[in-house]
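Remarks on the structure that follows.
The values are calculated or read from the model by the stated rules, or taken from the named source; none is laboratory data. What you are looking at is a predicted structure, and each value in this text was computed from that prediction instead of being measured. Every residue, glycine among them, receives a Cβ derived from its backbone with ideal geometry; neighbour counts consider all protein chains shown.
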Amino acid sequence: MARTATDPTSAYTEANNEHKQLGKIDSLLHYPKGYIEALNNYSLYKNDTGAIVYGLAIQHHYQRITNTQLLNLNSSPVDLLSALGATKVILPIFAYWKYNYDTADFVMVNDLNIIYDGGATLMGCSPNLIKWGADALYKTNATHTDGVISAMLNKKLVLTADTDPTTGGGTIDIDIVYQVLEAVD
């Protein structure tokens, strides 16, 4: 549902009250400067001066990684998010990783990594996630570095690892929270 307001502050107050009633958040005022909060079909952003302004919409992508995919993460990386077009950049914010233990711990020494296809690690998850011998939950924040936008344009997100696990039984549910930047001259 699209919203209109005479100024961002009134939109913020309206959305904050609505979400408090729905029990989704306690208060947006508790978030630090620069944090982006998704509110229905738009986002509000607290900039460096503390002003509330409209920002990029926050999206999420859920995917289950099968046992077979986990055992072959290095030899066959898993596509998570397809490239979105020549002028678009996927900007991951964070990811939740839920390990669903089945029969045995995975034997793995390297992190599980979400990367831009052919690029550097954006989020890494400790291999301990898949070594608990029980269901487990992990959260990782994106580690963006300054860089040339053209190197990030039209790139898909991929899950990979430096080595394949040797054994293990279970799956991982990944929920990636991200934004899409339209990079147009």
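Between ASP135, ASP79, ASP175, ASP162, the distinction of being surrounded by fewer than 15 Cβ atoms within 10 Å (Cβ to Cβ) and within 19 Å of ALA57 (Cα to Cα) belongs to ASP175 only. The set of residues in segment 92-148 being farther than 15 Å from LEU70 by Cα, among the small types (Gly, Ala, Ser) and in a strand (DSSP E or B) consists of ALA95, ALA136. LYS156 satisfies every condition listed in (1) modelled with pLDDT under 85; (2) of a type outside the set (S, T, N, Q); (3) closer than 30 Å to LEU56 by Cβ except (1).
Could you list, in sequence order, all residues of segment 131-153 that are touching a Gly at 6+ places or on another chain (Cβ under 9 Å) and at pLDDT 85 or above? Passing the criteria: ASP135, THR140, LEU153.
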